[in-house]
Amino acid sequence: GESVGLHLPTLSVQEGDNSIINCAYSNSASDYFIWYKQESGKGPQFIIDIRSNMDKRQGQRVTVLLNKTVKHLSLQIAATQPGDSAVYFCAEARSNDYKLSFGAGTTVTVRA
Amino acid sequence: EPEVTQTPSHQVTQMGQEVILRCVPISNHLYFYWYRQILGQKVEFLVSFYNNEISEKSEIFDDQFSVERPDGSNFTLKIRSTKLEDSAMYFCASSEDGRGVYNEQFFGPGTRLTVL
């Protein structure tokens, strides 16, 4: 079936380095892609989203890239900080419905 | 900053018992959702709710599940006869009325349900 998933379950990053988290999706009907951050014991927290008519969007210290040709989504975090340690999920949504379909998650650990 | 709240934070119940999980969505939001996350797995959609009716539900959301907006602020998820496999973290979320435009879903902190 169609699903959203992540390439790697874990990522260890040195504090101050840039992080890149990847996600592959298969549903070409999706209109929006979203990155969520989930800290231990908390609910998913919205980071950034991107619509299917865009290929790049920047936020504060984060950039999302969308490659529709290969159905690939990535989240780049600049100058990774200890507070960035969390599980990161990509999710997809379609404009005709409002449910989010989540990928499996990548656990990011920031080394001091 | 407005936020989604959920109670209780942890619910322990015996198999076969009914549980009600409660959520208070953000006050001006019109779309409400329940998701669940089994330990170590991805977040899964259960149901979306708009204008006092279910707008979409997943295969997980069978006859044992029901949702209700009993008043102007609460949104509840009821599991009639809990099973061991219902043990999970249950997240409530809400979003503004987007009318065809994606709106950010805000998630609550979750209720951890443990079925013994």
Is it the case, given these coordinates, that A:Thr63 is out of contact with any Pro (no Cβ under 6 Å at 6 or more places or on another chain), at negative phi and surrounded by 17 or more Cβ atoms within 10 Å (Cβ to Cβ)? yes
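Based on what the data block shows, is B:Asp97 assigned to a loop (DSSP other than H, G, I, E, B), of a type in the set (D, E, K, R) and either within 11 Å of another protein chain (Cβ to nearest Cβ) or surrounded by 13 or more Cβ atoms within 10 Å (Cβ to Cβ) (or both)? Spell out the reasoning first.
Working: assigned to a loop (DSSP other than H, G, I, E, B): yes; of a type in the set (D, E, K, R): yes; either within 11 Å of another protein chain (Cβ to nearest Cβ) or surrounded by 13 or more Cβ atoms within 10 Å (Cβ to Cβ) (or both): yes.
Here the answer is yes, as B:Asp97 does meet what is asked.
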Keeping to region B:35-58, report how many residues are among the acidic types (Asp, Glu) and either under 12 Å from B:Phe75 (Cα atoms) or in contact with a Leu (Cβ under 8 Å, 6 or more places away or on another chain) (or both). 1
List every residue pair whose Cβ atoms lie under 8 Å apart, where the two residues are 6 or more positions apart in sequence or sit on different chains, the first residue falls within region A:34-48 and is without any contact (Cβ under 8 Å) to a residue 24 or more places away in the chain, and the second residue, located anywhere, is among the hydroxyl-bearing types (Ser, Thr, Tyr). A:Gln45/A:Tyr36; A:Phe46/A:Tyr36
Looking for whichever is in a strand (DSSP E or B) and among the aromatic types (Phe, Trp, Tyr) here; the options are B:Phe61, B:Phe49. Which one fits? B:Phe49
Can you tell me which residue within region B:35-46, out of those that are assigned to a loop (DSSP other than H, G, I, E, B) and in contact (Cβ under 8 Å) with a residue 12 or more places away in the chain, is surrounded by the most Cβ atoms within 10 Å (Cβ to Cβ)? B:Ile38
Counting just the residues of region A:13-31 that are surrounded by 13 or more Cβ atoms within 10 Å (Cβ to Cβ) and hydroxyl-bearing (Ser, Thr, Tyr), which one comes out farthest from A:Leu100 (Cα to Cα)? A:Ser19
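For (1) touching a Ser or Thr at 6+ places or on another chain (Cβ under 9 Å); (2) farther than 21 Å from B:Thr5 by Cα; (3) away from chain B (no Cβ under 12 Å); (4) among the polar types (S, T, N, Q), each residue gets a yes or a no:
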position: A:Leu66; (1), (2), (3), (4): yes, yes, yes, no
position: A:Leu73; (1), (2), (3), (4): no, yes, yes, no
position: A:Ala91; (1), (2), (3), (4): yes, yes, no, no
position: A:Arg94; (1), (2), (3), (4): yes, yes, no, no
position: A:Leu100; (1), (2), (3), (4): no, no, no, no
State whether the residues of region B:69-80 include one that is closer than 27 Å to A:Tyr88 by Cβ, assigned to a loop (DSSP other than H, G, I, E, B) and either touching a helix residue (DSSP H, G or I) at 6+ places or on another chain (Cβ under 7 Å) or not β-branched (Val, Ile, Thr) (or both). no
From the list B:Phe91, B:Phe32, B:Phe107, B:Phe49, pick out the single residue that is aromatic (Phe, Trp, Tyr), free of Cβ contacts under 8 Å to residues at least 40 places away in the same chain and out of contact with any helix residue (DSSP H, G or I) (no Cβ under 8 Å at 6 or more places or on another chain). B:Phe49
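Right, B:Asn103: modelled with pLDDT under 95 and under 18 Å from A:Glu92 (Cβ atoms) or not? Step through it out loud before you land on a result.
Working: modelled with pLDDT under 95: yes; under 18 Å from A:Glu92 (Cβ atoms): yes.
So B:Asn103 passes the test.
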Selection over region A:56-93 where residues are within 14 Å of the chain's Cα centre (by Cα) and free of Cβ contacts under 8 Å to residues at least 24 places away in the same chain yields a count of 8
Any residue in region B:16-34 that is within 21 Å of A:Gly105 (Cβ to Cβ), small (Gly, Ala, Ser), assigned to a loop (DSSP other than H, G, I, E, B) and out of contact with any Lys or Arg (no Cβ under 9 Å at 6 or more places or on another chain)? no
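The values are calculated or read from the model by the stated rules, or taken from the named source; none is laboratory data. In this text, all values refer to a predicted model and were calculated from it rather than measured experimentally. Cβ: placed from backbone, ideal geometry, glycine included. Neighbour counts: every protein chain shown.
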